[in-house]
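Trainee: Dropping the structure in here first, questions after.
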Amino acid sequence: MKLRKKWWTSLILTVGVGLLVSACGSGGNQSATGGGTADKVYVVGTDAAYPPFQVLEADGKITGHDIDVLNAVAEAAGFKVEWKNTGWDPLFDGLDRGTVDIGISSITITDDRKKKYDFSEPYFEANQLILVAEDSPVNTLADLKGKKIGVQGATTGGEVVKKAFGDTYQGLKEYDDMPSAVDDFFNGRVEAVIGDNGVIQYYVKKIQDKKFKLIKDDSFEKENYGIMVKKGNTEIMNKINEGLKKIKENGKLEEIRNQYFGKE
């Protein structure tokens, strides 16, 4: 889960990208090619700086898992969307002010957020994974006590470490992004990396010549990502849940997940 993301800040400018797209399914296709009879076009805000969930390509196109999911939902429910790369905090502000209709950006459904916003049914279940060497004796989070642990800053991974070993745990090393943490792990600068399953699986599957293992600790709490709207906006939320239900039933949601993360 992203608490406040800082991914690739040196490479990605948080700019508004208003690309009118039809709900076109996988690939993040953003061409205006129909997709329902309704005249209303819903503005979707995201923070395109969290691969592989949201990515801002060099040509300005927004792609990624969450983009494919929302496009498929819109196509199934018969409504149109316009994508904007709002950034993280401005996404919430946009929903508050009405400049954004829908938010999707690996947003964990929490009780605090539900006080102010309405969420769809979950579309992705996230949990933390531990990356260690293949021959490491580590089998649980508790086994990492006293070891150097890398995490992406301002994410659940860091909170997990602090909760287990204290807020001032000296072995915790926070990085601006997950690739930097993984690189330091394989270069021996940290002994483990903790991160969201989707993100960490995405990066380690790109590494063919390294030996490692991924550990799922039963103490890690599951997190569910949801699509968010301003509280009380039942019209669009009903459409979102309708489309989400359809892509769960017809296998499209699973297809998108497998495309990015492989089969479990």
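Trainee: Does residue 71 fit the bill of being more than 26 Å from residue 181 (Cα to Cα) and at pLDDT 65 or above?
Mentor: Spelling it out, residue 71 is indeed more than 26 Å from residue 181 (Cα to Cα) and at pLDDT 65 or above.
Trainee: Show me the strands (runs of 3 or more DSSP E) found entirely inside segment 110-149 where at least 2 residues are hydrophobic (A, V, I, L, M, F, W, C) and touching a residue at least 40 places away in the same chain (Cβ under 8 Å).
Mentor: So the answer is 124-126, 128-133.
Trainee: Can you tell me which residue among 125, 134 is surrounded by fewer than 13 Cβ atoms within 10 Å (Cβ to Cβ), acidic (Asp, Glu) and farther than 21 Å from residue 66 by Cβ?
Mentor: Matching residue, one of 125, 134: 134.
Trainee: Now, a different point. For segment 179-218, name all the residues that are outside any strand (DSSP E or B), of a type in the set (Lys, Arg) and either open to solvent by less than 10 Å² (accessible area, probe 1.4 Å) or touching a residue at least 40 places away in the same chain (Cβ under 8 Å) (or both).
Mentor: 189, 205, 211, 216, listed by residue number.
Trainee: Restricting attention to segment 98-107, does a residue exist that is among the small types (Gly, Ala, Ser) and either part of a helix (DSSP H, G or I) or free of Cβ contacts under 8 Å to residues at least 60 places away in the same chain (or both)?
Mentor: No, the conditions are met nowhere in segment 98-107.
Trainee: Out of the residues in segment 59-79 that are assigned to a helix (DSSP H, G or I) and touching a helix residue (DSSP H, G or I) at 6+ places or on another chain (Cβ under 7 Å), which is surrounded by the most Cβ atoms within 10 Å (Cβ to Cβ)?
Mentor: Here the residue is 73.
Trainee: Taking the condition of being assigned to a helix (DSSP H, G or I) and open to solvent by 90 Å² or more (accessible area, probe 1.4 Å), how many residues in segment 219-264 meet it?
Mentor: 8
Trainee: Looking at (1) surrounded by 17 or more Cβ atoms within 10 Å (Cβ to Cβ); (2) touching a strand residue (DSSP E or B) at 6+ places or on another chain (Cβ under 7 Å), can you tell me which one residue 90 breaks?
Mentor: Among (1) surrounded by 17 or more Cβ atoms within 10 Å (Cβ to Cβ); (2) touching a strand residue (DSSP E or B) at 6+ places or on another chain (Cβ under 7 Å), residue 90 violates only (2).
Trainee: Have a look at 198, 166, 171, 157 and point out the one that is at pLDDT 95 or above and out of contact with any Lys or Arg (no Cβ under 8 Å at 6 or more places or on another chain).
Mentor: Exactly one residue qualifies, and that residue is 166.
Trainee: Taking the stated definitions as given, is residue 82 open to solvent by 10 Å² or more (accessible area, probe 1.4 Å), under 27 Å from residue 59 (Cβ atoms) and part of a helix (DSSP H, G or I)?
Mentor: no
Trainee: Could you figure out which of (1) within 27 Å of residue 48 (Cα to Cα); (2) at pLDDT 95 or above; (3) in contact with an Asp or Glu (Cβ under 6 Å, 6 or more places away or on another chain) isn't true of residue 147?
Mentor: Evaluating residue 147 over (1) within 27 Å of residue 48 (Cα to Cα); (2) at pLDDT 95 or above; (3) in contact with an Asp or Glu (Cβ under 6 Å, 6 or more places away or on another chain) leaves (1) as the failure.
The values are calculated or read from the model by the stated rules, or taken from the named source; none is laboratory data. Just so you know, these numbers come straight off a predicted model, no measurement behind them. With ideal geometry, Cβ positions are generated from the backbone for all residues, glycine too; neighbour counts draw on all protein chains shown. Remember, those area values only see protein heavy atoms, side chains included, never the ligands or the DNA or RNA. Shrake-Rupley method; radii C 1.70, N 1.55, O 1.52, S 1.80 Å.
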